[in-house]
Amino acid sequence: MTEELAKLAVVWIIALGWRRQFNDPMDGLIYGSFAGLGCAIEEAVYLYGWPHGEVFLPLQEPIRLLGHLVMGGIGGFAVGLWRVRFMAWPVAVPAGWAAAVGIHFVWDVIALSAGERGRMLPWHTAGAVATMFSGLFLYALLVRVGFAMSQRTFAPQSRRSLLGWPFVRGGRPRRE
């Protein structure tokens, strides 16, 4: 809870301190993601004492970095909703934070349980994959929603989609 609250606090500080630059829900997602990466690096260096003269990252490190990025973005997205005065932002901020805390909690339970046993059991792998995919799915959904809101605000006449060809029905979109 504390770590996710710290990530959210970083996003709020940026949103309040640099209002002209923080003008979109995607800003919350991006700054939250970077706050998440910062927390992951802090964990790796200060809590685990990494690196121990290792040349390569441990195998689990990219997954841990990605997980923190995703959780930070989920938590920070709603701060961008506040910035654009989206009417449901008072509900979205605690809901986004709670989702990030929930994903982080489940991930930690799985990781710490596997660490105590000294080996991975089948439920550890299935739980870790399900947790990571649920976080990635929510993150992707927020990217999609944020992109649509940004497009309506900054480029309402644009016909471009988030993914573009070949994901656009009816062939290639026209260039403007």
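Please treat every number below as a calculation from the coordinates, not as lab data. Owing to the predicted nature of the structure, the values given are computational and were not obtained by experimental measurement. Quick reminder, even Gly has a Cβ in these numbers, built from the backbone with ideal geometry, and neighbours come from all protein chains shown.
In whole Hz and in residue order, list the ³J(HN,Hα) couplings for segment 24-39 that follow from phi through the Karplus curve 6.51 cos²θ - 1.76 cosθ + 1.60, θ = phi - 60°; x for Gly and Pro.
6, x, 5, 4, x, 5, 5, 5, x, 4, 5, 4, x, 4, x, 5
Between F133 and S158, what's the calculated FRET efficiency when r is the beta-carbon distance and R0 is 35 Å? Round to 0.05.
For F133 and S158, the calculated efficiency is 0.70.
I'd like the Karplus ³J(HN,Hα) series for segment 98-107: coefficients 6.51, -1.76, 1.60, θ = phi - 60°, whole numbers in Hz, and an x wherever there's a Gly or Pro.
Values, residue by residue: 5, 5, 5, 5, x, 5, 5, 4, 4, 4 Hz.
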